[in-house]
Amino acid sequence: MTEQPVSVLFVCLGNICRSTMAEGVFRNFAQKPQYKGLISKVDSCGTGTKYGGYVMMNPIPLPILVRKAKLTRVFCATIAAYHVGDPPDDRTMATLEDHGITDYYHAGRKVSPSDFNKFDYVFAMDRSNLRDLQNLQQRGHTDSKAKVMLFGEFSGGPRSEVVNDPYYGGDEGFAKAYEQCTRFSTNFLKHVFPDVDPKA
């Protein structure tokens, strides 16, 4: 659908599990020869929602609160200062490495209003992330260029999917997130570059 380079930002809650998984997977696609000059930027970040001096973890219902101190472009980001500067979860890294992605590194950061003008696509991992991003974008950034949407809109099926937070579960949750991120990335790339084979 476009011959212009695209930039992509992946966003979850803490920027250590899902959005970094998506970034690592997408960067791997972006490094393929067929996408040279087509992907300008990839990154990731987070949207941790704060309540007072605490950070609310999506999988934990109120009032259980967890205190926490902490392709040209592909990025991943977080909304609160949650896990800022932290590396991805060890299980994210292990899952990527199990699939041959061994050159990925990321330091967690929070999403910035400027991201909506830096990236063409801002992908939320779940609907809570999506609401946070839409609210942030609407506060004075309605003229920004970014398309803010669920990454799972590119599920390939009749319904969109969310990438559930695997943080409190076992390795199977990270394996599922990897499978989804790979499938969504493939379908997105087919959508924006229909003449390019992502599996070549």
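The values are calculated or read from the model by the stated rules, or taken from the named source; none is laboratory data. Predicted, not measured: the structure shown is a model, and the values here were computed from it. With ideal geometry, Cβ positions are generated from the backbone for all residues, glycine too; neighbour counts draw on all protein chains shown.
Annotations for the structure displayed:
- Within the range 125-145, being modelled with pLDDT of 95 or more and touching a Phe, Trp or Tyr at 6+ places or on another chain (Cβ under 7 Å) holds for one residue alone: Met125.
- Neighbours by Cβ (under 9 Å, 6+ apart or cross-chain): first from the range 94-109, part of a loop (DSSP other than H, G, I, E, B); second surrounded by 12 or more Cβ atoms within 10 Å (Cβ to Cβ) and basic (Lys, Arg): Ile101/Arg27; Asp103/Arg27; Tyr104/Arg27; Gly108/Lys70
- Residue count, the range 157-188 (criterion: over 20 Å from Arg91 (Cα atoms), assigned to a loop (DSSP other than H, G, I, E, B) and among the β-branched types (Val, Ile, Thr)): 0
- Selection within the range 173-199: residues that are among the charged types (D, E, K, R) and closer than 20 Å to Gly100 by Cβ. The member of this set that is surrounded by the most Cβ atoms within 10 Å (Cβ to Cβ) is Arg183.
- Applying the criterion of being out of contact with any Leu (no Cβ under 6 Å at 6 or more places or on another chain) and among the small types (Gly, Ala, Ser) to the residues of the range 10-45, the residue that is surrounded by the fewest Cβ atoms within 10 Å (Cβ to Cβ) is Gly37.
- Residue within the range 23-35 that is at pLDDT 95 or above, part of a helix (DSSP H, G or I), of a type in the set (Lys, Arg) and touching a helix residue (DSSP H, G or I) at 6+ places or on another chain (Cβ under 9 Å) present: no
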